[in-house]
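Enquirer: Structure provided below as structure tokens; questions to follow.
The values are calculated or read from the model by the stated rules, or taken from the named source; none is laboratory data. In this text, all values refer to a predicted model and were calculated from it rather than measured experimentally. Virtual Cβ from ideal backbone geometry, glycine too; neighbours counted across all protein chains shown.
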């Protein structure tokens with residue numbers, strides 16, 4: 001049985017599913033390693049314009065696998081501290097792989113996103129939640145820290161510092177409705193409509209220039225890390241000029257608008 005499935009439900013849209021529902025898609029190594037490999041492979045699939053990530057069954061991702069995290073050959077010969085560092089690097093690389101993907105990644109949050117699963121959900125570019133979804137920073141409840149896998153970086157930027165501090169320091173659950181209200185997710189829909197809503201967003205994105213979409217994603221993430229407005233505006237300007245001067249996309253958009261048709265961007 002494959003713990004990660006990759007499908008193309010519609011043209012230019014790839015669905016990647018964490019597929020271990022009996023353990024709520026927890027972050028065992030035999031799930032996360034093929035998940036990262038799938039992300040990297042799909043990133044260079046030029047017939048994929050948008051990626052949707054979800055979980056099978058009732059949960060999106062339950063975070064650390066407390067039942068059996070698994071073993072990798074890279075742990076051989078290491079003591080516990082060394083193993084822990086290697087293990088964290090594997091999970092960190094999953095988060096980075098999502099950001100590094102050329103395509104926008106839509107998180108279809110179908111259920112519980114707990115601990116590392118909460119972090120994984122926040123790493124996606126757009127988040128749509130099913131009505132029964134909820135988010136929990138589990139680390140603080142287990143005597144650890146809620147700050148893991150980039151959550152203390154991503155969450156304050158998504159919902160503001162006060163709300164992020166309160167959620168991460170109390171370890172409470174955030175249900176789907178509250179998540180939408182505070183900007184953690186864009187929309188909440190019935191469970192049976194979740195993937196269709198994600199596909200509808202993906203199809204709208206697919207109507208634009210592939211190059212333009214990829215650079216827009218890159219600029220949005222770069223803007224979150226920019227040292228100043230001035231430096232980032234220079235970065236944006238060069239990206240805009242690159243598309244404007246090296247393609248006929250702008251001319252095609254003007255022509256299509258005058259002719260009352262959908263643009264056909266060739267990049």
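Enquirer: Filter region 19-34 down to the residues that are out of contact with any helix residue (DSSP H, G or I) (no Cβ under 6 Å at 6 or more places or on another chain) and in contact (Cβ under 8 Å) with a residue 40 or more places away in the chain, then identify the one that is surrounded by the most Cβ atoms within 10 Å (Cβ to Cβ). Walk me through how you get there before you give the answer.
Expert: Within region 19-34, the first condition is being out of contact with any helix residue (DSSP H, G or I) (no Cβ under 6 Å at 6 or more places or on another chain), and the residues that meet it are 19, 21-26, 28-31, 33-34.
With the extra rule that they be in contact (Cβ under 8 Å) with a residue 40 or more places away in the chain, the set shrinks to 23-26, 28-30, 33.
Details: 23: 17, 24: 22, 25: 32, 26: 24, 28: 19, 29: 19, 30: 16, 33: 18.
This residue is 25.
Enquirer: Could you list, in sequence order, the residues of region 132-146 that are surrounded by 15 or more Cβ atoms within 10 Å (Cβ to Cβ) and touching a helix residue (DSSP H, G or I) at 6+ places or on another chain (Cβ under 7 Å)?
Expert: Kept after step one, since they are surrounded by 15 or more Cβ atoms within 10 Å (Cβ to Cβ), are these residues of region 132-146: 132-140, 146.
Of everything in region 132-146, those that are surrounded by 15 or more Cβ atoms within 10 Å (Cβ to Cβ) and touching a helix residue (DSSP H, G or I) at 6+ places or on another chain (Cβ under 7 Å) turn out to be 132, 133, 134, 135, 136, 137, 140, 146.
Enquirer: Give region 183-193 a look and list any residue that's surrounded by 13 or more Cβ atoms within 10 Å (Cβ to Cβ) and either modelled with pLDDT under 95 or closer than 15 Å to residue 121 by Cα (or both), or say none. First the steps, then the outcome.
Expert: As a first pass, look at region 183-193 and keep what is surrounded by 13 or more Cβ atoms within 10 Å (Cβ to Cβ): 184-189, 191, 193.
The answer is 184, 185, 186, 187, 188.
Enquirer: Identify all residues within region 88-109 that are over 19 Å from residue 42 (Cα atoms) and buried (at least 24 other Cβ atoms within 10 Å of the Cβ); write none if there are none. Working first, answer last.
Expert: The initial filter retains those residues of region 88-109 that are over 19 Å from residue 42 (Cα atoms), namely 88-89, 109.
The one that is over 19 Å from residue 42 (Cα atoms) and buried (at least 24 other Cβ atoms within 10 Å of the Cβ): 109.
Enquirer: Here's something else I'd like to know. Can you list the helices (runs of 4 or more DSSP H) found entirely within region 204-267 that contain at least 3 residues being more than 25 Å from the chain's Cα centre (by Cα)? Outline the logic, then answer.
Expert: Numbers: elements: 210-225, 229-246, 249-259.
The qualifying helices (runs of 4 or more DSSP H) are 229-246, 249-259.
Enquirer: Could you please let me know if residue 157 is over 19 Å from residue 39 (Cβ atoms), buried (at least 21 other Cβ atoms within 10 Å of the Cβ) and assigned by TED's automatic domain parsing to the domain that holds residue 194? Spell out the reasoning first.
Expert: Values: over 19 Å from residue 39 (Cβ atoms): yes; buried (at least 21 other Cβ atoms within 10 Å of the Cβ): no; assigned by TED's automatic domain parsing to the domain that holds residue 194: yes.
The answer is no for residue 157.
Enquirer: Let me ask something else about it. Can you name the helices (runs of 4 or more DSSP H) wholly within region 69-178 that have at least 1 residues being farther than 20 Å from residue 31 by Cα and in contact (Cβ under 8 Å) with a residue 40 or more places away in the chain? Lay out the reasoning, then the answer.
Expert: On the way: elements: 80-100, 116-123, 151-159, 161-170.
In region 69-178, the matching helices (runs of 4 or more DSSP H) lie at 151-159.
Enquirer: Give me the pairs: first residue in region 215-242 and touching a residue at least 40 places away in the same chain (Cβ under 8 Å) and not assigned by TED's automatic domain parsing to the domain that holds residue 126, second residue part of a helix (DSSP H, G or I) and surrounded by 15 or more Cβ atoms within 10 Å (Cβ to Cβ), beta-carbon distance under 6 Å, and six or more apart or on different chains, which are they?
Expert: From residues that are touching a residue at least 40 places away in the same chain (Cβ under 8 Å) and not assigned by TED's automatic domain parsing to the domain that holds residue 126, the pairs are 221/99.
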